[in-house]
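Novice: First the structure, then my questions, so here it is.
The values are calculated or read from the model by the stated rules, or taken from the named source; none is laboratory data. Everything quoted here is computed from the prediction, not taken from an experiment. With ideal geometry, Cβ positions are generated from the backbone for all residues, glycine too; neighbour counts draw on all protein chains shown.
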Amino acid sequence: MTFLLTLLAAIFVLGPLIALHEWGHYIVARLCGVKVLTYSIGFGPKLFGWTSKKSGIDYRISALPLGGYVKMLDEREGEVAKAEQHLAFNRQHPLKKIAIVAAGPIMNLSLLLHCFGCCL
């Protein structure tokens with residue numbers, strides 16, 4: 001019972017933190033013109049989710065709630081159609097890449113400062 005309670009507490013505490021972190025990568029990638037393929041909370045097998053009819057992004061909740069990921073179009077990951085190469089992460093200006101990678105930790109830092117700024 002204690003293990004289950006601890007697991008549920010971890011999911012409810014880490015889940016929003018992970019979602020916010022990944023959302024930072026996701027939103028900055030979209031703003032920078034990079035095509036996002038998947039937004040996942042958790043790793044491993046997909047438990048449930050949906051694919052956006054408008055953007056084609058696969059939004060999912062996966063089985064292992066210890067992190068998440070945002071999968072972007074990237075020629076290092078596989079074949080990219082010539083018409084979409086300008087949307088690939090690896091083709092972006094280095095400052096855009098830095099912004100996308102840094103956005104997740106910055107979102108976590110902003111949450112920390114917002115929630116605990118008075119105590120720091």
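Novice: Could you tell me which residue of segment 67-120 is nearest to L20 (Cα to Cα), considering only residues that are outside any helix (DSSP H, G or I) and of a type in the set (A, V, I, L, M, F, W, C)?
Specialist: We begin by selecting, within segment 67-120, every residue outside any helix (DSSP H, G or I); these are 67-81, 88, 92-93, 120.
Remaining after also requiring of a type in the set (A, V, I, L, M, F, W, C): 70, 72-73, 80-81, 88, 120.
Working: V70: 12, M72: 17, L73: 21, V80: 28, A81: 31, A88: 23, L120: 21 Å.
Here the answer is V70.
Novice: Based on what the data block shows, is G104 within 15 Å of the chain's Cα centre (by Cα), at pLDDT below 90 and not aromatic (F, W, Y)?
Specialist: On the way: within 15 Å of the chain's Cα centre (by Cα): yes; at pLDDT below 90: no; not aromatic (F, W, Y): yes.
Criteria not met by G104.
Novice: Filter segment 104-120 for residues that are surrounded by 12 or more Cβ atoms within 10 Å (Cβ to Cβ) and in contact with a Leu (Cβ under 9 Å, 6 or more places away or on another chain) and give the result.
Specialist: G104, M107, N108, S110, L111, L112
Novice: Scan segment 56-86 for residues that are surrounded by 13 or more Cβ atoms within 10 Å (Cβ to Cβ) and polar (S, T, N, Q) and jot them down.
Specialist: Across segment 56-86, the qualifying residue is only S62.
Novice: Go through segment 29-54 and count every residue that is surrounded by 13 or more Cβ atoms within 10 Å (Cβ to Cβ) and either touching a residue at least 24 places away in the same chain (Cβ under 8 Å) or in a loop (DSSP other than H, G, I, E, B) (or both).
Specialist: Final tally of qualifying residues: 12.
Yes/no matrix, rows are residues, columns are (1) within 12 Å of the chain's Cα centre (by Cα); (2) of a type in the set (K, R); (3) modelled with pLDDT under 95; (4) over 22 Å from K97 (Cα atoms):
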residue: M1; (1), (2), (3), (4): no, no, yes, yes
residue: T6; (1), (2), (3), (4): no, no, yes, yes
residue: F12; (1), (2), (3), (4): no, no, yes, yes
residue: W23; (1), (2), (3), (4): yes, no, no, no
residue: A29; (1), (2), (3), (4): yes, no, no, no
residue: F43; (1), (2), (3), (4): yes, no, yes, yes
residue: D58; (1), (2), (3), (4): yes, no, no, no
residue: G67; (1), (2), (3), (4): yes, no, yes, no
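Novice: Consider segment 20-62. How many of its residues are of a type in the set (A, V, I, L, M) and more than 25 Å from L112 (Cα to Cα)? Walk me through it before giving the result.
Specialist: First, the residues of segment 20-62 that are of a type in the set (A, V, I, L, M): 20, 27-29, 31, 34, 36-37, 41, 47, 57, 61.
Right, trim to more than 25 Å from L112 (Cα to Cα) and you get 34, 36-37, 47, 57.
The total comes to 5.
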